[in-house]
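Enquirer: Sharing a structure here in C-alpha cells format.
The values are calculated or read from the model by the stated rules, or taken from the named source; none is laboratory data. Everything quoted here is computed from the prediction, not taken from an experiment. Here Cβ is always computed from backbone atoms with ideal geometry, including for glycine, and neighbour counts include all displayed protein chains.
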C-alpha cells in the first residue's frame with residue numbers, strides 16, 4: 001500500500017488529503033498538524049475572538065469526517081525532522097512515520113517586526129484558534145486596543161474589534177491602508193471609510209519603541225506622539241514556515257521552491273499553500289491554498305496536474321465596508337486609469353480600473369461599491385479586451401456591462417457557493433451574509 005504523509009492541517013493540507021483519497025483510493029493517508037484544534041475556519045478567527053462566533057461554528061468537518069474518508073489525523077502533533085534518506089518524519093510525541101510521498105503544507109507564521117519592546121506583556125498575535133481563544137478570554141475587560149499593520153488582516157481585525165465595542169487604533173507605516181492592494185487615491189478613501197466605522201486610523205507613522213506601563217503597551221511613534229492601549233495586536237504580515245524543509249535540504253527562497261506540479265527539488269516531496277515561495281501565488285488567501293492542495297494531492301504519484309498561478313482578488317469580510325481589489329497597482333506605459341466616485345450615507349466610495357495599452361483590465365479597486373466585481377475579476381484572469389468604443393466612453397458602468405457574461409449571477413435553483421470559503425447555500429437566492437466566513441451576498445456565485 002502506498003503511503004502519503006501530509007504535514008499541515010490547514011486548508012492546503014486537508015485539500016491535499018481529500019484529493020489524494022479521490023485519486024488514490026487505496027492509499028494510506030495521514031495528516032500531521034501541530035495545532036491541537038485541527039482543521040477549522042481560519043478566516044473567521046477574528047469573529048471568534050470578539051465573541052461573535054461559537055466554537056462549533058468554527059468547525060468545517062464533523063468528528064467522523066476524516067474517518068469516513070479513511071484519513072488518519074494526528075492533530076496536536078508536531079513534526080520535528082524529515083529524513084529524506086529513510087523517508088521518515090520524526091514526531092514530537094512518539095515513533096517516526098514512514099512515507100512514500102510527503103506533502104508539506106506547513107503554512108506561514110506571523111511576522112513580528114524588530115521593534116524594541118515588542119516581546120513585552122499585553123502584545124498578541126491573532127493567527128490560530130488558540131490565539132483567538134486567549135483573546136476571547138481577556139477582551140471583555142479591555143477597552144483600548146491598538147493594531148499594528150494596515151493590511152487585510154489588520155483592517156479586518158480593526159473592524160471586528162471596533163464592532164465588538166472596543167476603541168481601536170489602527171497603525172500603518174505607509175500613508176494609506178492596504179498599500180499592497182491599493183493605489184494612494186483609493187487608499188485615502190479606504191482610510192476615510194475605516195475611520196467612519198469608528199476606528200482611529202494612524203498612517204504614515206512608524207512605531208519606534210513599545211514601552212510597558214501599568215495599563216498596557218505604549219507605542220512611541222516616529223512623529224513624537226505615543227499611543228496608549230491595553231492590548232496590542234500584531235497584524236504585520238506573515239512569513240512562510242520553511243523550518244522543516246530547510247533542515248531536510250529542500251530548496252527554499254523566501255518559501256519552499258516548487259515546480260508547476262508543486263514538486264520540490266527532493267524526489268517524492270511536494271509542497272503547497274502558504275509555505276511555498278510567495279512568488280508562486282498570492283499569499284494568505286484561502287482559495288489559492290485549496291487549489292494548490294488539490295493539485296499536490298493528485299500529483300503524489302502518477303497523475304500530473306499542473307498548477308497555474310492565478311491572479312486572486314481580495315475582499316474585506318465586512319458588510320459595512322465592501323471592498324474588492326485585484327491585480328498589480330503599478331502604472332505601465334500606455335495604461336489608462338478610469339475612475340468613478342461619489343458619496344453615500346456611509347461615506348465616500350470609489351471605483352478604479354487600470355487598463356493597459358492592449359485594452360485589458362490590469363488592476364481594479366472597488367471601495368464602498370462592489371457591484372460588477374465578478375465581471376472585472378473574470379476579465380483580469382482571462383485578459384478580455386475591452387472594445388475601443390466602450391473604452392473611449394471612459395465610464396466604469398459601461399465597461400462592467402460590456403464585460404458581464406449574459407447569465408452572471410443567474411440562480412439555477414440548485415444553490416449558491418461562497419467564493420471566499422466554499423460554503424454552499426441551497427435555495428433560489430444567496431444569503432445576505434455567509435454564515436461561515438462572513439462575506440456579503442455579492443460574493444456568492446450560482447452553483
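Enquirer: What single numbered condition from (1) surrounded by fewer than 17 Cβ atoms within 10 Å (Cβ to Cβ); (2) in contact (Cβ under 8 Å) with a residue 12 or more places away in the chain fails to hold for residue 149?
Expert: Of everything listed in (1) surrounded by fewer than 17 Cβ atoms within 10 Å (Cβ to Cβ); (2) in contact (Cβ under 8 Å) with a residue 12 or more places away in the chain, residue 149 misses just condition (1).
Okay, residues lined up against (1) more than 15 Å from the chain's Cα centre (by Cα); (2) in the same structural domain as residue 294 (by TED's automatic domain parsing):
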position	(1), (2)
230	yes, no
250	yes, yes
254	yes, yes
261	yes, yes
266	yes, yes
269	yes, yes
276	no, yes
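Enquirer: Given the criteria at pLDDT below 95 and under 28 Å from the mean Cα position of the chain (by Cα), does residue 376 qualify?
Expert: yes
Enquirer: Looking at (1) surrounded by fewer than 17 Cβ atoms within 10 Å (Cβ to Cβ); (2) closer than 15 Å to residue 178 by Cβ, which one does residue 311 not meet, given that it meets all the others?
Expert: So the condition that residue 311 fails would be (2).
Enquirer: Here is a list: 98, 140, 113. Which entry is surrounded by fewer than 17 Cβ atoms within 10 Å (Cβ to Cβ), touching a residue at least 60 places away in the same chain (Cβ under 8 Å) and closer than 30 Å to residue 187 by Cα?
Expert: On inspection, the qualifying residue turns out to be 113.
Enquirer: Looking only at segment 173-192, decide whether some residue is at negative phi, in a strand (DSSP E or B) and not assigned by TED's automatic domain parsing to the domain that holds residue 77.
Expert: no
Enquirer: Then there's this: Taking residue 432 and the conditions (1) at pLDDT 70 or above; (2) within 26 Å of the chain's Cα centre (by Cα); (3) surrounded by 13 or more Cβ atoms within 10 Å (Cβ to Cβ), which numbered condition does it fall short on, given that it satisfies the others?
Expert: Single failed check for residue 432: (3).
Enquirer: Continuing with the same structure: Of the residues in segment 347-373, how many are closer than 19 Å to residue 444 by Cβ, touching a helix residue (DSSP H, G or I) at 6+ places or on another chain (Cβ under 6 Å) and modelled with pLDDT of 90 or more?
Expert: The total comes to 1.
Enquirer: Of everything in segment 349-369 that's surrounded by fewer than 21 Cβ atoms within 10 Å (Cβ to Cβ) and over 11 Å from residue 396 (Cβ atoms), which residue is nearest to the chain's Cα centre (by Cα)?
Expert: 349
Enquirer: So residue 53 fits all but one of (1) under 19 Å from residue 242 (Cα atoms); (2) in contact with a helix residue (DSSP H, G or I) (Cβ under 6 Å, 6 or more places away or on another chain); (3) free of Cβ contacts under 8 Å to residues at least 40 places away in the same chain; what number is the exception?
Expert: So the condition that residue 53 fails would be (1).
Enquirer: Considering segment 329-346 alone, what residues qualify as being surrounded by 12 or more Cβ atoms within 10 Å (Cβ to Cβ), free of Cβ contacts under 8 Å to residues at least 40 places away in the same chain and closer than 27 Å to residue 444 by Cβ?
Expert: none
The rows are residues; the columns are (1) touching a strand residue (DSSP E or B) at 6+ places or on another chain (Cβ under 8 Å); (2) in the same structural domain as residue 44 (by TED's automatic domain parsing); (3) over 19 Å from residue 286 (Cα atoms).
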site: 129; (1), (2), (3): yes, no, no
site: 136; (1), (2), (3): no, no, yes
site: 164; (1), (2), (3): no, no, yes
site: 168; (1), (2), (3): yes, no, yes
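Enquirer: Suppose we filter 243, 183, 167 for residues that are surrounded by fewer than 23 Cβ atoms within 10 Å (Cβ to Cβ), within 24 Å of the chain's Cα centre (by Cα) and over 20 Å from residue 127 (Cβ atoms); which single one remains?
Expert: That would be 183, the only listed residue that is surrounded by fewer than 23 Cβ atoms within 10 Å (Cβ to Cβ), within 24 Å of the chain's Cα centre (by Cα) and over 20 Å from residue 127 (Cβ atoms).
Enquirer: Need at least 1 residues that are modelled with pLDDT under 90 and more than 24 Å from the chain's Cα centre (by Cα) per element, so show me which strands (runs of 3 or more DSSP E) inside segment 32-129 make the cut, counting only ones lying wholly within it.
Expert: By residue number, 94-98.
Enquirer: Follow-up. From 229, 235, grab the single residue that is crowded, with 18+ Cβ neighbours inside 10 Å and out of contact with any helix residue (DSSP H, G or I) (no Cβ under 6 Å at 6 or more places or on another chain).
Expert: It is 229.
Enquirer: For segment 162-189, name all the residues that are within 21 Å of residue 218 (Cβ to Cβ) and touching a helix residue (DSSP H, G or I) at 6+ places or on another chain (Cβ under 8 Å).
Expert: The answer is 166, 168, 170, 172.
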